[in-house]
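Below: one structure, written as structure tokens.
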Amino acid sequence: MTANPLLADWTTPFELPPFDAIEPAHFEEAFDISMKEARQESDAIADQEATPTFENTIAALEKSGKQLTRVARTFFNLTGADTNEAIQKIERDIAPKLAKHSSDMLLNAKLFARISALWDQREALDLGEEEEKVLERYYKMFQRAGAGLDESGKTRMAELSQRLATLGTSFSQNVLKDEATYQLVLESDKDRAGLPDFLLTAAAEAAKERDLDGKHVITLSRSSIEPFLQFSTNRRLREEAFKAWSARGENGGDTDNQDIIKETLLLRSEKAKMLGFADFASFKLDDTMAKAPENVRELLTKVWQPAVTQARDEEAKLAEMAQSDGDNHVIEAWDWRFYSERVRKAEHDLDEAELKPYLQLDNIIQAAFDTASRLFGLSFKELEGLPVYHPDVRVFEVNDRHGNHVGLFLGDYFARSSKRSGAWMSGFRSQHKTDGDVTPIIVNVMNFSKGAPGEASLLTFDDARTLFHEFGHALHGLLSNVTYPMISGTSVARDFVELPSQLYEHWLSEPEVLSKFAVHYKTGEPMPQALLKKLLAAANFNQGFATVEYTASALVDLELHLLDDPKDIDIADFEKRELDKIGMPHAITMRHRVPHFQHVFSGDGYSAGYYSYMWSEVMDADAFEAFKEAGDVFDPETAEKLLKFIYSAGGRPDPEETYVSFRGRAPKIDALLEKRGFAA
């Protein structure tokens, strides 16, 4: 093997990872060496004899472990976006090793003593706002990792962390394997009945990628399965495809996640109790805006009741539509999207096949860029010939209004079997100023269906909204303007982090954005005003369904992590009982059923935290009203406040205080209810 490029200086443009030189085997050596180096650096900080100061302890920790951070960011971006068997094996091996490395630092008594000494005298240290926040984050991070426990407690806490890391990795890989191995081959005209041209084109491309040239394949990527469920007139195949989608992670055999979930819940509960909390939800929420489980349940319940009422009205319309077609069966989960599309056509004279030709991927990307330009003065220039991890990845240089370099933005838009499902923002490098002015390298990863060679890739309106959502996250990373990595970009409270992303979605639905960028992929003609009006008028169509499938997932996530003793839990039975308890409509399933709920069980990022999207939505719906009140959705003064208090501030300010600084008051739930069509 050649010299390890991960350990060398990166001389690539903008110091991008040298993807063209990296092989999976390089990661094993790079992790071993960089973990050892990072350990030596943190031990040196802990063992120094000098009296603790912010500079020799906290700032020193912020500057340590650079090589490990660089290697880990590169690796874990690949595990999600372009994995293979070699990378997955390394991921299984490295997860517990990294957890042990983290525990060794976080449970280092000397290091915690230095941080505690600074925390105890924080008011006398005369620290700036950023330094105060970074010290607070370090103190809480060590405390919540178990640094205050006795030696036996620390040993057990380290064991829990390592085992949970292994379980999270296995969970994620199992879901990916279920998704990658499933394919619904459409063999006959009957199998393809009702499918529009855009879906047939995408299905042909998916077949070609699986060496099934000349056939059509539906995959479990949301951009493939959802339109199939919308348009297929073959009810038997809709049922088959939906059940496969719904059953990811619970098919028995090597990829079944139910035992993993049970053990994860048990270990999380043990961890929370060791740290003095009644349950894992209370532990997790203690460090968020919500603070406590009862506050989360109160919000979700306020939305649940009007959502269920509306969903039942929607279901009645679906049944009526089915009966008018001579179909007298009960509406099932695999029927909802199909009849919903029919009802939307009847009520609003609108269907996805009519919309999609106007929603070209390239144009929606430009719409997102143009919105950022008008709000924040950014410009985007596509760069060719740079090293990327997959040929589909596109690279853009981002500059500010004065032409200064802000960062790099990578867009990875198309579904493939080496990529996990969903959409996300991540970073190969975060903005900070501890080593000069370090600019960010941010990536958005999507799972859109690719058009045929030479043809435009077309999006659904939900796809376009997802693109704007993730680009909102990207801007949160790109526009960050802080000193310390600990509080850079999206390093904020989990129930605040969705504010910049969900707020950004609002601009997609503005007529002046759509009228400019929603143009027909063949004729170049803008979307007709009549169609645009129908699209906006139908904004809340099927909102009962959408809210119910999300809120049910958030409530089940919360209840799972409130369990006192989950050792005897039957996952399928628990899910059913909880849904029965809240009155889940028969024909709607959770947006993410527990066996494939990656937000919650692929690591603990959104564990007891899936509610965060709705918590942030209370703010985003209210925040966009500030632009409406200004009489201009691109009002410069409001945009400047948005940049200052939300997009550039990272985790420096308190989230509640910074929202009030932007808006002039606390958010109100009324805007959320109105946005979803539930206002009285």
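The values are calculated or read from the model by the stated rules, or taken from the named source; none is laboratory data. Just so you know, these numbers come straight off a predicted model, no measurement behind them. Cβ sites come from the backbone with ideal geometry, for glycine too, and all protein chains shown count toward neighbours. We work out accessible area using only protein heavy atoms, side chains counted, and drop any ligands, DNA or RNA first. Shrake-Rupley method; radii C 1.70, N 1.55, O 1.52, S 1.80 Å.
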Filtering segment 160-198 for residues that are closer than 17 Å to Arg416 by Cβ and open to solvent by 60 Å² or more (accessible area, probe 1.4 Å) leaves a count of 3
Taking segment 506-522 and keeping only residues that are more than 13 Å from Val633 (Cβ to Cβ) and of a type in the set (A, V, I, L, M), one is left with Ala518, Val519
Only one of Ser616, Ser553, Ser612 is out of contact with any Pro (no Cβ under 8 Å at 6 or more places or on another chain), among the hydroxyl-bearing types (Ser, Thr, Tyr) and over 15 Å from Leu499 (Cβ atoms), namely Ser553
Those residues of segment 611-662 that are in contact with a Leu (Cβ under 7 Å, 6 or more places away or on another chain) and open to solvent by 30 Å² or more (accessible area, probe 1.4 Å) come to a total of 2
Considering segment 54-66, residues that are of a type in the set (Gly, Ala, Ser) and assigned to a helix (DSSP H, G or I), and then whichever is most open to solvent (accessible area, probe 1.4 Å), we arrive at Ala60
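Quick check, is Ser152 among the polar types (S, T, N, Q), surrounded by fewer than 19 Cβ atoms within 10 Å (Cβ to Cβ) and either assigned to a helix (DSSP H, G or I) or touching a Pro at 6+ places or on another chain (Cβ under 9 Å) (or both)?
yes
Going by what's in this entry, would Ser232 be described as crowded, with 20+ Cβ neighbours inside 10 Å, in contact (Cβ under 8 Å) with a residue 60 or more places away in the chain, closer than 22 Å to Gly249 by Cα and not β-branched (Val, Ile, Thr)? So that I can check it myself, show each step before the final result.
On the way: crowded, with 20+ Cβ neighbours inside 10 Å: yes; in contact (Cβ under 8 Å) with a residue 60 or more places away in the chain: yes; closer than 22 Å to Gly249 by Cα: no; not β-branched (Val, Ile, Thr): yes.
In short, no.
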*asked:* Given the condition under 26 Å from the mean Cα position of the chain (by Cα), over 30 Å from Tyr413 (Cα atoms) and not polar (S, T, N, Q), answer yes or no: does some residue in segment 60-81 qualify?
replied: yes
Is it true that Thr201 is free of Cβ contacts under 8 Å to residues at least 12 places away in the same chain, polar (S, T, N, Q), more than 30 Å from Leu111 (Cβ to Cβ) and open to solvent by 20 Å² or more (accessible area, probe 1.4 Å)? no
Filter segment 70-98 for residues that are polar (S, T, N, Q) and touching a Pro at 6+ places or on another chain (Cβ under 8 Å); the one that is nearest to Gly436 (Cα to Cα) is Thr74
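Mind checking whether some residue in segment 456-465 is open to solvent by 40 Å² or more (accessible area, probe 1.4 Å), part of a loop (DSSP other than H, G, I, E, B) and not acidic (Asp, Glu)?
The first filter runs over segment 456-465 and keeps only residues open to solvent by 40 Å² or more (accessible area, probe 1.4 Å), leaving 462, 465.
Checking which are part of a loop (DSSP other than H, G, I, E, B) leaves us with none.
Checking segment 456-465: not a single residue is open to solvent by 40 Å² or more (accessible area, probe 1.4 Å), part of a loop (DSSP other than H, G, I, E, B) and not acidic (Asp, Glu).
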>> Yes or no: segment 500-507 includes at least one residue that is within 16 Å of Trp615 (Cα to Cα) and surrounded by fewer than 22 Cβ atoms within 10 Å (Cβ to Cβ).
In response: yes
Here, helices (runs of 4 or more DSSP H) confined to segment 244-328 with at least 2 residues that are β-branched (Val, Ile, Thr), at negative phi and open to solvent by 60 Å² or more (accessible area, probe 1.4 Å) are 293-324
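Return a yes/no flag: does segment 184-207 have any residue that is over 24 Å from Met274 (Cα atoms) and of a type in the set (Val, Ile, Thr). Outline the logic, then answer.
Start the filter on segment 184-207 by keeping residues that are over 24 Å from Met274 (Cα atoms), which leaves 184-207.
Then drop every residue that is not of a type in the set (Val, Ile, Thr), which leaves 185, 201.
There is at least one residue in segment 184-207 that is over 24 Å from Met274 (Cα atoms) and of a type in the set (Val, Ile, Thr).
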- Item | Test: Met157 is of a type in the set (A, V, I, L, M, F, W, C) and open to solvent by 20 Å² or more (accessible area, probe 1.4 Å) | no
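Matching residues to (1) open to solvent by less than 10 Å² (accessible area, probe 1.4 Å); (2) of a type in the set (Gly, Ala, Ser); (3) part of a helix (DSSP H, G or I):
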{"site": "Glu49", "(1), (2), (3)": "no, no, no"}
{"site": "Pro52", "(1), (2), (3)": "no, no, no"}
{"site": "Val71", "(1), (2), (3)": "yes, no, yes"}
{"site": "Leu78", "(1), (2), (3)": "no, no, yes"}
{"site": "Ala86", "(1), (2), (3)": "no, yes, yes"}
{"site": "Lys89", "(1), (2), (3)": "no, no, yes"}
{"site": "Pro96", "(1), (2), (3)": "no, no, yes"}
{"site": "Lys100", "(1), (2), (3)": "no, no, yes"}
{"site": "Met105", "(1), (2), (3)": "no, no, yes"}
Of the residues in segment 1-36, those that are farther than 30 Å from Gly385 by Cα and either over 31 Å from the mean Cα position of the chain (by Cα) or surrounded by fewer than 15 Cβ atoms within 10 Å (Cβ to Cβ) (or both) come to Asp32, Lys36
